[in-house]
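Data block below; observations after.
The values are calculated or read from the model by the stated rules, or taken from the named source; none is laboratory data. What you see is a predicted model, and the numbers here were worked out from it, not measured in a lab. Using ideal geometry, Cβ is built from the backbone for each residue, glycine included, and neighbour counts are taken over all protein chains shown. With ligands, DNA and RNA removed, areas are computed over all heavy atoms of the protein, side chains included. Shrake-Rupley method; radii C 1.70, N 1.55, O 1.52, S 1.80 Å.
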Amino acid sequence: MLERNIYYYRDYEEDRLKKSVTPYKITVDCSLTDEQLTAMYDAGMVMYISDVPLALRKGSSIAADVEVAEKSFSTNSIYLNQNAIIDDGSEEGAKLFADAKVRQALSLAIDRNAIVNAVVYAKAANGLVPTGVFESGDRKVLFRDACTATYENLGTDAAKAAALLSEAGIKPSKYTFELTVAAYDEVHCAIADIIVENWKALGFNVSAKKIGTIQNNDYYKYTDSVPADICDDLYAEELRAGTFQAIIFDYVAYSADPFSVLAPFAKPFSGRGMDMSNPDEYLLTPHITGYDSEEYNALMEKIYAEKTVANRAEDLRAAEGMLMADMPIIPVVFNLNATVTSKQLKKTTTSYYNVLSF
């Protein structure tokens, strides 16, 4: 419940809440079922919807009033852990995702149009840098509009995917692995289910590992207890720790500069802790996927050192091209912000990050 403080610099009787601010009270409810949300919206009791439930994205009264903004700064993507040991029937297993041809094949197998049709508010990804990010040094041009490259690994071509696996000497039926997804995100689960079927069609034994929150199981030293009133997010822990095999998530650009999206795949900018096992030499740690390309590292160092912002543009596009060839990350779809705002609300705006402002 968000409500103005009646005691803050106001006379309770002479300056009533309703007199000075409309609406004077906002109730945020994340517990409504699809049926409850629809009924309350139809009755005029819901003023704003920031995330339309999957089941209501087609044919509902809510869907009819949705406003879609393409500049979402978010690309639904998959990390492939190149260090993960994948079950191949042998005792030691194999680093299946360490082979670029395997990563390329897995991308080519994905039916992005089917995913767009399923989740509605999305566009098939034709690159990694999401919509909304500016061309380097030019706030009037978007990176995606300026990039004319076509990345063949982002198409859908099951025959080519099978050929790449054959070239790599991979017999898919030997391999068993999981695609981790947040169980509490119905959109991500829907995307993961489609991708799993696409990869099964290649012959892999793959399943969706749907994990979410559990009651806290960590000892808290300050109270000498295990708090029971908070939750642990097992999905988030797996993503942060890099213990996944493959994992689906939204890759968000936290800056309008494409450098923020591309730099983390270079070891000097991975943002991860140093390897301090050798006290005589602290070593940089590569990206959480294990991707470590000397050529890519050097290119990002060059971009970082460039003094003139506009001069970085060509190199940034080249950097994305390298990632789309090596595929340490598989872009799936560009997310679209879809919101519903009641006509009763005036003078409101919605940011790229789906934040409503009055």
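Within segment 132-177, the set of residues being β-branched (Val, Ile, Thr), touching a strand residue (DSSP E or B) at 6+ places or on another chain (Cβ under 7 Å) and more than 24 Å from Tyr304 (Cβ to Cβ) comprises just one member, Thr176.
Mind telling me which of the residues Lys95, Lys123 ends up being among the basic types (Lys, Arg) and without any contact (Cβ under 8 Å) to a residue 60 or more places away in the chain? Walk me through it before giving the result.
On the way: Lys123 fails: without any contact (Cβ under 8 Å) to a residue 60 or more places away in the chain.
Matching residue, one of Lys95, Lys123: Lys95.
Count of segment 150-179 residues, restricted to those that are farther than 30 Å from Glu91 by Cα and among the polar types (S, T, N, Q), is 3.
Condition check ((1) β-branched (Val, Ile, Thr); (2) closer than 21 Å to Leu142 by Cβ) across all residues:
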site: Ser270; (1), (2): no, no
site: His287; (1), (2): no, no
site: Glu301; (1), (2): no, no
site: Thr308; (1), (2): yes, yes
site: Leu323; (1), (2): no, yes
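For a quick check of your reading of the model, give me the residue pairs whose first member lies in segment 154-176 and is of a type in the set (D, E, K, R), whose second is modelled with pLDDT of 95 or more and open to solvent by 60 Å² or more (accessible area, probe 1.4 Å), with beta-carbon atoms closer than 8 Å and at least 6 apart or on different chains. Hits for this filter: Glu167/Lys101. Filtering Leu165, Leu142 for residues that are at pLDDT 95 or above and buried (at least 20 other Cβ atoms within 10 Å of the Cβ) leaves a single hit, Leu165. Within segment 71-126, being among the aromatic types (Phe, Trp, Tyr) and over 16 Å from Gly290 (Cα atoms) holds for Phe73, Tyr121. Inspection of segment 308-317 finds no residue satisfying the criterion of being modelled with pLDDT under 95 and in a strand (DSSP E or B).
Okay, residues lined up against (1) touching a residue at least 24 places away in the same chain (Cβ under 8 Å); (2) assigned to a loop (DSSP other than H, G, I, E, B); (3) among the aromatic types (Phe, Trp, Tyr):
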{"site": "Pro227", "(1), (2), (3)": "no, yes, no"}
{"site": "Tyr235", "(1), (2), (3)": "yes, no, yes"}
{"site": "Glu238", "(1), (2), (3)": "yes, no, no"}
{"site": "Asp250", "(1), (2), (3)": "yes, no, no"}
{"site": "Ala256", "(1), (2), (3)": "yes, yes, no"}
{"site": "Leu262", "(1), (2), (3)": "yes, no, no"}
{"site": "Gly271", "(1), (2), (3)": "no, yes, no"}
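Filter segment 222-250 down to residues that are surrounded by fewer than 10 Cβ atoms within 10 Å (Cβ to Cβ) and among the aliphatic types (A, V, I, L, M) and give me whichever is nearest to Val333 (Cα to Cα). Looking at the filtered set, the residue picked out is Ala241. In segment 86-107, what count of residues is obtained for those that are aliphatic (A, V, I, L, M) and at pLDDT below 95? Result for segment 86-107: 0. Reported count of residues in segment 207-221, each being open to solvent by 100 Å² or more (accessible area, probe 1.4 Å) and either assigned to a strand (DSSP E or B) or touching a residue at least 24 places away in the same chain (Cβ under 8 Å) (or both), is 2.
Would you please name the residue that is farthest from Trp199 (Cα to Cα), looking only at residues in segment 145-156 that are outside any helix (DSSP H, G or I) and open to solvent by 60 Å² or more (accessible area, probe 1.4 Å)?
Narrowing segment 145-156 to residues outside any helix (DSSP H, G or I): 147-151, 155-156.
Next, only the ones that are open to solvent by 60 Å² or more (accessible area, probe 1.4 Å) stay: 148, 150, 156.
Numbers: Thr148: 29, Thr150: 23, Thr156: 12 Å.
Result: Thr148.
Is it the case that Thr308 is touching a strand residue (DSSP E or B) at 6+ places or on another chain (Cβ under 6 Å), on the phi < 0 side of the Ramachandran plot and either of a type in the set (Val, Ile, Thr) or exposed (fewer than 12 other Cβ atoms within 10 Å of the Cβ) (or both)? No, not satisfied. Give segment 46-100 a look and list any residue that's small (Gly, Ala, Ser), open to solvent by less than 20 Å² (accessible area, probe 1.4 Å) and within 19 Å of Asn335 (Cβ to Cβ), or say none. Hits for segment 46-100 are Ser72, Ser74, Ser77.
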